[in-house]
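Take a look at the structure below.
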Amino acid sequence: MYLSNSEEAMNIIDLENISKQLILIGKKVYERGYVDANGGNLSARVKQYIIIKRSGASLANLTLNDFIIGDISSEELKGASIDYKIHRAIYLLRKDCKCVIHAHPIYTTAISLLFDKVFKPLDFESKYYFGEVPIISCDHFKLHDIINSTPKILNKGVFIEKGHGVYAFSNSFSEAFYIIERLEHAAIIAFLKMNELHFKQFKSNLT
Ligand SMILES: [Zn+2]
C-alpha cells in the first residue's frame with residue numbers, strides 16, 4: 001500500500017480492513033464479467049481520505065499493495081487510477097457515499113450507445129428501482145468537470161458514460177456492487193426486447 005501526503009492516515013483509519021473489502025468487491029466485479037483485464041477501478045472514502053486502486057492493477061487479483069491513499073483535498077494523486085478526479089468529484093458532491101465502483105458491463109455499455117441522455121429500463125423491478133439512469137456523453141478526461149457542473153447526474157447513485165461503462169456509488173460497498181449488477185440485468189432485458197423483430201423473423205422462418 002502506498003501512502004500519499006499523510007503517513008498519519010495509518011493511525012486514523014483501518015486501511016487494511018477497508019482495502020480487504022475493496023479487494024473482495026473487485027474480485028466479484030471481475031468474476032461477474034463486469035470488467036476485463038485491468039479495466040475498471042474502485043475506491044473508498046474514509047473521513048478525509050480516499051483509498052483508490054492504483055493505475056494498471058487488475059480487479060481480478062488486487063493485493064494490499066494495489067491501493068493508494070490520499071487526502072481528498074488533493075486534486076491529483078500520483079500513481080492512482082486515471083479516474084481519481086472522477087471519484088473525488090463524486091465524494092465531494094455526495095457526502096453520504098463511501099464507495100465508488102467503475103466497471104464496463106457489456107450490455108450496459110452497449111445499451112448506452114443506443115440511447116441519448118437516459119436509459120429507461122423496461123422490466124418491472126428495474127423501473128421500480130432506477131426509474132431512469134443518466135447517460136453522459138463527453139470527453140472522458142473532462143468527466144469530473146461535467147459532474148461538478150451538473151451534480152444532479154449523481155442523484156441516482158449511478159450514471160453511465162456513453163460507450164464506456166458505469167459509475168456506481170453508495171454508502172455501502174455491497175450496495176455499490178448491487179447497483180452495477182441490477183443495471184446490467186436491466187440492460188440485458190432491454191437489449192433482448194430490442195431484438196424482438198429478429199426473434200419474430202427467426203420464429204416465422206421455423207414455421
Ligand atoms: Zn473505464
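Data table
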| quantity | calculated |
| --- | --- |
| Only one of K142, K162 that is touching a residue at least 40 places away in the same chain (Cβ under 8 Å), surrounded by fewer than 21 Cβ atoms within 10 Å (Cβ to Cβ) and within 15 Å of the ligand (Cβ to nearest atom) | K162 |
| Check on T109, of a type in the set (V, I, T), away from the ligand (no atom under 16 Å from the Cβ) and surrounded by fewer than 22 Cβ atoms within 10 Å (Cβ to Cβ) | no |
| Lone unmet requirement of (1) within 16 Å of the ligand (Cβ to nearest atom); (2) in contact with a strand residue (DSSP E or B) (Cβ under 6 Å, 6 or more places away or on another chain); (3) not acidic (D, E) for Y91 | (1) |
| Number of the condition not met by H104 [criteria: (1) farther than 24 Å from E184 by Cβ; (2) within 14 Å of the ligand (Cβ to nearest atom); (3) of a type outside the set (S, T, Y)] | (1) |
| Residue selected from the range 29-61 under the condition assigned to a strand (DSSP E or B) and basic (K, R), by the criterion surrounded by the most Cβ atoms within 10 Å (Cβ to Cβ) | K53 |
| Residue within the range 37-49 that is over 15 Å from the mean Cα position of the chain (by Cα), within 15 Å of the ligand (Cβ to nearest atom) and at pLDDT 95 or above present | yes |
| Test result for D123, in contact (Cβ under 8 Å) with a residue 24 or more places away in the chain and touching a helix residue (DSSP H, G or I) at 6+ places or on another chain (Cβ under 8 Å) | yes |
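The values are calculated or read from the model by the stated rules, or taken from the named source; none is laboratory data. Bear in mind that the values here come from a model prediction, so they are computed numbers and not experimental data. Cβ: placed from backbone, ideal geometry, glycine included. Neighbour counts: every protein chain shown.
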